[in-house]
Amino acid sequence: MAGLNDDVSVDIEEIYNGGKEHHVKTCHGLVSVVVYGDQEKPALITYPDVALNYLSCFQGLFLCPEAVSLLLHNFCIYHISPPGHEFGAAPVCSNDPSPSVEDLADQILEVLNFFSLESVMCMGITAGAYILSLFAIKHKDRVLGLILISPLCKAPSWSEWFYYKVVSNLLYYYGMSGLLKDRFLQRYFSKEARGSSEVPERDVVHECRRLLGERHGVSLRRFLEAINRRHDITDGLRSLKCRTLIFVGDQSPFHSETLHMVAALDRKYSALVEVQACGSMVTEEQPHAMLIPMEFFLMGFGLYRPGRVSDSPTSPLSPSCISPELLSPESLGLKLKPIKTRVTTKC
């Protein structure tokens, strides 16, 4: 492995243009997997939230040079899309049976087997975090660690179930209307990011709004309905022993559910990072807040980020940006401590 101070030159445009898409045939239909990086390296798989794909969920994080050098230096990235959510996807036949969350988790196992991957690091957002957590519970030997953003773990409440049932019906009759785009953006982003009549929405929200218009209603409804039928996996979480790093925005609609999940996990193996003034998609709204926690989390696996930037006050990787607790020797091993952080610098 290269020395700690070795530099790695990363061409971000090349990364996003150099991915290779594979269509993996599974028992529950074709799954699109876009692969970036050297397949000889350890694998990091990603899974997005409802109505999104890897670009709309993870682009902000991967456009941070520090995150690119950390993740691409250590991993080959496998971006998994829910059926029908990939770019250029054909409409799913409405007569095909809708997958369950169990089916979606089983698809991940088939993807791993297709690429001959023994064990992987997992990164997922909200619904995607639920699918990956379920996969980790079912196949503990195939998961090295979990990086989860605003994860779900409980069955939907009656009000949540009813709300997304109405959304599903509106999708069926009207498609992805402007009203539904607004409802999904409330799921993903903070009120500040979404703007108001006086303040325009941020560019990242505007781009996400555009990408939502590319989703096929049938494909979206199938994934949404699977998540709306999810079961409680709290008991299964108690038996997980893989290291888990969890991020949640303090304005996420799923903040309380994330705290419930953290309470269920073994504290010896898990850490929580609460990001202030942020919604569910920390990867897009405040990706800089993820950098130091991820770096120290991966150090626990013997991984690191080459070419560290200086510890200047403006550096997003400055130790002053994070609680001293995470910098303790204990945090570099299994005993990751829950922390809170607020980072105001930007990539």
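Taking Lys and Arg as +1 and Asp and Glu as -1, the other residues whose beta-carbon sits under 15 Å from that of Ile80 total -3.
Shown in residue order for segment 32-38 are the 3J(HN,Hα) couplings computed by the Karplus curve 6.51 cos²θ - 1.76 cosθ + 1.60 at θ = phi - 60°: 7, 10, 9, 10, 10, x, 7 Hz (x for Gly and Pro). Sequentially through segment 146-162, phi angles give Karplus couplings (6.51, -1.76, 1.60; θ = phi - 60°) of 10, 10, 10, 10, 6, x, 9, 8, 8, 5, x, 5, 4, 5, 5, 4, 5 Hz, Gly and Pro residues having no value and appearing as x.
Specify whether the C-alpha gyration tensor of segment 195-287 places it in the rounded, prolate or oblate class, a ≥ b ≥ c being the square roots of the eigenvalues: rounded for a/c under 1.5, otherwise prolate if a/b is larger than b/c and oblate if not. Cα axes put segment 195-287 in the oblate bin. The P(r) of segment 41-136 has a tail past 24 Å containing 22 percent of all C-alpha pairs. Per residue, the accessible area of segment 144-190 comes to 45 Å², computed with a 1.4 Å probe over protein heavy atoms only.
Other residues whose C-beta falls under 10 angstrom from the C-beta of Pro97 contribute a net charge of -1, scoring Lys and Arg +1 and Asp and Glu -1. With the largest listed first and rounded to whole Å, the semi-axes of the equivalent ellipsoid of segment 254-294 from the Cα gyration tensor are 20, 14, 6. Computed over neighbours whose Cβ is under 11 Å from that of Leu61, the net charge equals -3, Lys and Arg +1, Asp and Glu -1. Considering only the Cα atoms of segment 16-81, their convex hull presents on average a projected area of 4.8 nm². Looking at segment 26-174, the DSSP beta bridges with both ends there are about 25 percent antiparallel. Per atom type, segment 30-150 shows carbon and sulfur on 52% of its accessible surface, probed at 1.4 Å.
The values are calculated or read from the model by the stated rules, or taken from the named source; none is laboratory data. This one's a predicted model, so the numbers in the text were calculated from it and none came from an experiment. Heads up, the Cβs are rebuilt from the backbone with ideal geometry, glycines too, and the neighbour counts pull from every protein chain shown. We work out accessible area using only protein heavy atoms, side chains counted, and drop any ligands, DNA or RNA first. Shrake-Rupley method; radii C 1.70, N 1.55, O 1.52, S 1.80 Å.
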